[in-house]
Amino acid sequence: MAKFKKLQTLNAIIETGIVPVYYNGDAQTAKNVVKACYAGGIRAFEFTNRGDRAHEIFRELIVSLQDECPELVLGAGTILDAPTAELYIQLGANFIVAPNFNPEVARLCNRRGIPYSPGCGTVTEICNALEAGCDLIKIFPAGCVGGPAFVKNVLAPLPFVNLMVTGSVEPTEENLKAWADSGVAAVGMGSKLFPEEYIQRHDWNAIASICKTSLRFLGDRKE
């Protein structure tokens, strides 16, 4: 069961503004990365379902981080179908993210009071996701479908939509300010937020520092 209510989860994602996207098959490494991001000000984290026994790692994170990161909203990503979504929800996922839109996953998450952020690349897909009850819609792959200009143009006729972009997001001032100015509610960021060389040398403070700087660069998003 999710630790947080739906509105709490959505607020945590939007107020923080950055959702790290990560998978590692080693539970301790995954835990250290999450803790480093948390120390850097991150309050929502997407652990992706991309490797063997990913759900087992996720379960360990849910259990072990409850006390160490009490405000952390942990969700599951790369969830393509309803059975997989149900598995992660049973394990405690607070939100579900996908690269695609699946109506069955939307219905399941709505029944369970879990935010579902499906990946969309057109206005039609976005509207279909809205009609299915999705409160935070993921633009993916954001860089390929038009970047910040695409977001700005979508929000012109649909100013009531909360968009989270993933793909072509970088922890630089120029990049994050461009996304912020486009009107995004949040951004998802992967490996560039935690470079492999930092992970290899266990430099968790450096990862925390990148998170802090990135949050400052993102600044205030348009309401």
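The values are calculated or read from the model by the stated rules, or taken from the named source; none is laboratory data. These numbers were taken from a predicted model, which means no experiment stands behind them. Cβ sites come from the backbone with ideal geometry, for glycine too, and all protein chains shown count toward neighbours. When the accessible area is computed, the model is the full protein with side chains, heavy atoms only, and any ligands, DNA or RNA have been set aside. Shrake-Rupley method; radii C 1.70, N 1.55, O 1.52, S 1.80 Å.
If you go through segment 80-105 and pick out every residue that is charged (D, E, K, R), touching a residue at least 24 places away in the same chain (Cβ under 8 Å) and over 12 Å from ASN49 (Cβ atoms), you end up with 0.
Residue pairs whose Cβ atoms lie under 8 Å apart, separated by 6 or more positions or on different chains, with the first residue in segment 54-65 and farther than 13 Å from LEU87 by Cα and free of Cβ contacts under 8 Å to residues at least 60 places away in the same chain and the second in a helix (DSSP H, G or I) and open to solvent by 60 Å² or more (accessible area, probe 1.4 Å), are LEU65/LYS35. Filtering segment 4-52 to residues that are surrounded by fewer than 16 Cβ atoms within 10 Å (Cβ to Cβ), of a type outside the set (Gly, Ala, Ser) and assigned to a loop (DSSP other than H, G, I, E, B) leaves LYS5, ASP26, ARG50, ASP52. Filtered by the rule that a residue be within 17 Å of ALA106 (Cα to Cα), open to solvent by less than 60 Å² (accessible area, probe 1.4 Å) and outside any helix (DSSP H, G or I), segment 129-152 gives ALA132, GLY133, CYS134, LEU136, ILE137, LYS138, ILE139.
Of all residues in segment 167-223, those being farther than 23 Å from THR9 by Cα and either touching a strand residue (DSSP E or B) at 6+ places or on another chain (Cβ under 6 Å) or charged (D, E, K, R) (or both) number 10. If only residues of segment 63-90 that are closer than 15 Å to TYR23 by Cβ and assigned to a helix (DSSP H, G or I) are counted, the one that is most open to solvent (accessible area, probe 1.4 Å) is THR84. Of all residue pairs spaced 6 or more apart or on separate chains, those with beta-carbon atoms under 6 Å, a first member in segment 197-223 that is over 30 Å from PHE160 (Cβ atoms) and open to solvent by 40 Å² or more (accessible area, probe 1.4 Å) and a second member that is modelled with pLDDT of 95 or more and part of a helix (DSSP H, G or I) are TYR198/ALA206; TYR198/ILE207; TRP204/ASN32; TRP204/ALA36. Within segment 179-192, being buried (at least 19 other Cβ atoms within 10 Å of the Cβ) and either out of contact with any Ser or Thr (no Cβ under 8 Å at 6 or more places or on another chain) or at pLDDT below 95 (or both) holds for TRP179, SER182, GLY183, VAL184, ALA185. Residue pairs whose Cβ atoms lie under 9 Å apart, sitting 6 or more positions apart in sequence or on different chains, and linking a residue in segment 106-128 that is modelled with pLDDT of 95 or more and open to solvent by less than 60 Å² (accessible area, probe 1.4 Å) to a partner that is of a type in the set (Gly, Ala, Ser) and part of a strand (DSSP E or B), are ILE114/GLY75; PRO115/GLY75; SER117/GLY75; SER117/GLY77; SER117/GLY188.
Does segment 155-164 contain any residue that is in a helix (DSSP H, G or I) and buried (at least 23 other Cβ atoms within 10 Å of the Cβ)? Looking through segment 155-164, none of the residues is in a helix (DSSP H, G or I) and buried (at least 23 other Cβ atoms within 10 Å of the Cβ). The condition of being free of Cβ contacts under 8 Å to residues at least 40 places away in the same chain, over 16 Å from the mean Cα position of the chain (by Cα) and under 22 Å from GLN28 (Cα atoms) holds for only one of GLY146, GLY133, GLY51, that being GLY51.
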